[in-house]
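Working notes for the structure below.
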Amino acid sequence: MRIRHEGISGPECRLRAALVRWEEPEDPTRRVALVGVAWEAPGGAISWGWPDVAGRFELRTGPDRPEVCSVLPPALSLALAFRRGGVELGERALILGDGFLARLACAVASAVGYRVVQTSEPGGHDAGDSMRADVVIETTAVPNRLEWATTRCRDWGRVYSLGGGLTSVPLNYYAHVHRRALTLTQVPDRPVLCAGEEEIVTRGTARLADAVRGIRPEGVEILDAQMFPDGSSGRLERERSGWGLLLVEG
């Protein structure tokens, strides 16, 4: 894999880590989207950010190592969704999935005060609990999983969809939203900040970095990478879900 990294404007820095996602998880030759990126300045300071709709990055001061900072954007996006929906300490959150997004969701949900239960399958042991959860977080984007997630959420509860499931899977909104008053929220991979949330990002990033430290895509497949124009090398650790972490050597 070859990656071109060129700065157009802003401080001089070197790419150190990037969180990426394949459009089609099973095909590593298809287009890859950048989700989070971390850079290192000549003095060693770490900056991080995520691309906006025009592909531009706003550099922010990094609170941790590059590999930690690069996974902050999806974690921040979920944390902001929780805040907008309202968080009651001690509420029960059920997380469906076992990949990178599920591990990230467990960490963020625990950090904001939820009691977290995770299951990888609808028929799993934890999923068999007769008590419906206050919050259900679906991370797989598998067609029938979002429907199952709504059945495991209590009336007036909240369902969060990571990975694009809510936008790609048909759902009976009358049965779940109108009759049971569920709130369904699609959580984007990268944060979309609302007015007044910039200060929240600044204040909460260090705590969020503590929560997600050590969480990264599993290196089921290792790809060699080369950065241009400086010619530095790196490795991209990719898991079957389509998420990958690029680490650039010094």
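Couple of notes before you dig in:
Table: residues versus (1) touching a Cys at 6+ places or on another chain (Cβ under 7 Å); (2) over 19 Å from V20 (Cα atoms); (3) surrounded by 14 or more Cβ atoms within 10 Å (Cβ to Cβ); (4) touching a residue at least 12 places away in the same chain (Cβ under 8 Å).
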{"residue": "V53", "(1), (2), (3), (4)": "no, no, no, no"}
{"residue": "R56", "(1), (2), (3), (4)": "no, no, no, no"}
{"residue": "A79", "(1), (2), (3), (4)": "no, yes, yes, yes"}
{"residue": "E91", "(1), (2), (3), (4)": "no, yes, yes, yes"}
{"residue": "I95", "(1), (2), (3), (4)": "yes, yes, yes, yes"}
{"residue": "G99", "(1), (2), (3), (4)": "no, no, yes, yes"}
{"residue": "A102", "(1), (2), (3), (4)": "no, no, yes, yes"}
{"residue": "A107", "(1), (2), (3), (4)": "no, yes, yes, yes"}
{"residue": "V112", "(1), (2), (3), (4)": "no, yes, yes, yes"}
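- Matching residues in segment 226-241 - criterion: being surrounded by fewer than 18 Cβ atoms within 10 Å (Cβ to Cβ), touching a residue at least 40 places away in the same chain (Cβ under 8 Å) and either in contact with a Gly (Cβ under 6 Å, 6 or more places away or on another chain) or of a type outside the set (G, A, S) (or both): Q226, F228, P229, D230, E239, R240
- Across segment 27-51, the qualifying residues are those that are of a type in the set (G, A, S) and surrounded by 20 or more Cβ atoms within 10 Å (Cβ to Cβ), and the one among them that is nearest to V187 (Cα to Cα) is G36.
- Residue tally, condition loosely packed, with under 15 Cβ neighbours inside 10 Å and closer than 23 Å to L245 by Cα, over segment 187-212: 4
- Of the helices (runs of 4 or more DSSP H) entirely within segment 36-149, those holding at least 2 residues that are within 21 Å of V192 (Cβ to Cβ) and more than 14 Å from the chain's Cα centre (by Cα) occupy 72-85, 100-112.
- Residue in segment 149-159 that is open to solvent by less than 30 Å² (accessible area, probe 1.4 Å), under 20 Å from V201 (Cβ atoms), hydrophobic (A, V, I, L, M, F, W, C) and in contact with a strand residue (DSSP E or B) (Cβ under 6 Å, 6 or more places away or on another chain) present: no
- Failed item in (1) under 21 Å from L101 (Cα atoms); (2) in contact with a helix residue (DSSP H, G or I) (Cβ under 7 Å, 6 or more places away or on another chain), with E197 passing the rest: (1)
- Filter result (within 17 Å of S233 (Cβ to Cβ), at pLDDT below 75 and of a type in the set (V, I, T)) within segment 1-41: I3
Quick grid of which residues meet (1) at pLDDT below 85; (2) touching a strand residue (DSSP E or B) at 6+ places or on another chain (Cβ under 9 Å); (3) at positive phi:
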site: A181; (1), (2), (3): no, yes, yes
site: P188; (1), (2), (3): no, no, no
site: C194; (1), (2), (3): no, no, no
site: G214; (1), (2), (3): no, no, yes
site: E221; (1), (2), (3): no, yes, no
site: M227; (1), (2), (3): yes, yes, no
site: S233; (1), (2), (3): no, yes, no
site: G242; (1), (2), (3): no, yes, yes
site: G250; (1), (2), (3): yes, yes, no
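The values are calculated or read from the model by the stated rules, or taken from the named source; none is laboratory data. In this text, all values refer to a predicted model and were calculated from it rather than measured experimentally. Cβ sites come from the backbone with ideal geometry, for glycine too, and all protein chains shown count toward neighbours. Each accessible area value is taken on the protein alone, full model and side chains, heavy atoms only, with ligands, DNA and RNA left out. Shrake-Rupley method; radii C 1.70, N 1.55, O 1.52, S 1.80 Å.
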